[in-house]
Amino acid sequence: MVEVRRTVVVKLAVDDSDAALLQETIEEYLWAANYVVGDAWQDEYKPTSKQQLHERTYSDVREQTRLQANLVQSARNKAAEAIKGVVARWQAGKDASRPQFTTRSVRYDKRSATFHDDHVSLSTVDGRIEADYILPPEGDNPQTEYLRDDDYEITGATLQYREATDTFFLHIGTRAEVESEMPDTGDAEHSTVLGVDLGIEQLAVTSTGQFWSGGFLNHRRREYERIRGNLQQTGTESAHRTLEGLGDRETRWVEDYLHRISKAIVQEALAHDCETIVFEELTDIRERMPNAKQFHAWAFRRLYDYVAYKAEAEGIETTQVDPAYTSQRCSKCGTTLAENRSSQSRFCCQKCGYEVNADYNAAKNVGVRQLRAGQKSPHGGATRHLALKSGTLSVNGEYSPAAQ
């Protein structure tokens, strides 16, 4: 028997008064998590122990917020995990800055939330509210089977507010003990993966040859920067009020744009019968990518998160792989040379002469990296293939054309 975990993303029906309570709860939860981080940052050697952080901050957070005890502990745990991640990066000789929580979400456990068949009861800053699940008809969404299946136990959930659509979603964690030979392990026989490369000029490129340009996103970003500069120079009270709301409008627009791209990526995976969508590891992506700004690193993480939860709804796994040399390796013959990257946009193999768009070549290599990881897994006997424009590629380089 092996433990299988699945996340079910459920839209919630929330009336205006309850929505206001959830918004207040999110605000105080984020404040609590950031307060714990701020307390830890007073020390030269950052504490990472949950118990130590509890002793230092619990009373203060309880006094300064309306959060009930379990949510205070949840916020502390969230902060402790982030602090531990920063310390680990420092110990590995990598740069990392102080964590700052801004994503509008709250982690609930089974003490702060009660899960029912068709609704959930959530703790807020003023008692509990009940919200109905908005579920598709049985059988229309394979993801919801885990919520309806008695073999799957609910372990907790994360409430997320999506500003672009003014909607609350609950990401419900479930787990079950299943037979090890079941295909739900993610390494099913004949599984197919979709590789995705991220970039500045081309925001996302898949191993199947789909491109989503970053030009429009970069153009709108520059336009917002120009407007901000003009408003700052104006300096009037009206300009200041406009400036305060500009950031929220920009974030909503970018998130909506990324939502549309993430939906298209998942649709591409479905069209090619892919069980896994593979991205390059996002850690240090700003340092690895020329001309990348903090905005781009944030957008890449957002895009990955959006793809992940949309893919979950379709029963598709999303993962990340080490991107080392994916931009220098020839996806056709495997030769890896720095000289292969003839320019920022073109790839030309110095050995076999294969010439192609550099981002498309990298997307295929990202997918191949996942194929190789499958060989080393306990389920390495499974056959994995990389989805291409008109067929698939095995880890051994064997091309199979798509069925007509």
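So here's what we get for this one:
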read-out	value
Which listed residue is aliphatic (A, V, I, L, M), at pLDDT 90 or above and assigned to a helix (DSSP H, G or I), from 373, 363	363
Subset of the stretch 1-58 that is β-branched (Val, Ile, Thr) and in a strand (DSSP E or B) - its residue that is surrounded by the fewest Cβ atoms within 10 Å (Cβ to Cβ)	2
The stretch 82-115: number of residues that are among the polar types (S, T, N, Q), surrounded by fewer than 16 Cβ atoms within 10 Å (Cβ to Cβ) and in a loop (DSSP other than H, G, I, E, B)	4
Selected residue (criterion: surrounded by the most Cβ atoms within 10 Å (Cβ to Cβ)) from residues of the stretch 59-81 that are of a type in the set (S, T, N, Q) and in contact with an Asp or Glu (Cβ under 7 Å, 6 or more places away or on another chain)	74
The stretch 315-340, residues that are within 18 Å of residue 386 (Cα to Cα) and outside any loop (DSSP other than H, G, I, E, B)	317, 318, 319, 320, 321, 329
Condition check for residue 312: assigned to a helix (DSSP H, G or I), at pLDDT below 85 and not basic (Lys, Arg)	yes
Which listed residue is without any contact (Cβ under 8 Å) to a residue 60 or more places away in the chain and within 15 Å of residue 28 (Cβ to Cβ), from 79, 96	79
Hey, residue 343 surrounded by 14 or more Cβ atoms within 10 Å (Cβ to Cβ) and assigned to a loop (DSSP other than H, G, I, E, B) or not	no
Matching residues, the stretch 208-236, being loosely packed, with under 14 Cβ neighbours inside 10 Å, assigned to a helix (DSSP H, G or I) and modelled with pLDDT of 70 or more	215, 216, 219, 222, 223, 226, 229, 230, 232, 233, 234
Every pair of residues 6+ apart whose Cβ atoms lie under 6 Å, when the first sits in the stretch 99-118 and is not assigned by TED's automatic domain parsing to the domain that holds residue 31 and at pLDDT below 90 while the second is part of a loop (DSSP other than H, G, I, E, B) and surrounded by fewer than 16 Cβ atoms within 10 Å (Cβ to Cβ)	none
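The values are calculated or read from the model by the stated rules, or taken from the named source; none is laboratory data. The structure presented is a predicted model; accordingly, all values stated were derived computationally and were not measured. Cβ coordinates were reconstructed from backbone atoms using ideal geometry, including for glycine residues, and neighbour counts include every protein chain displayed.
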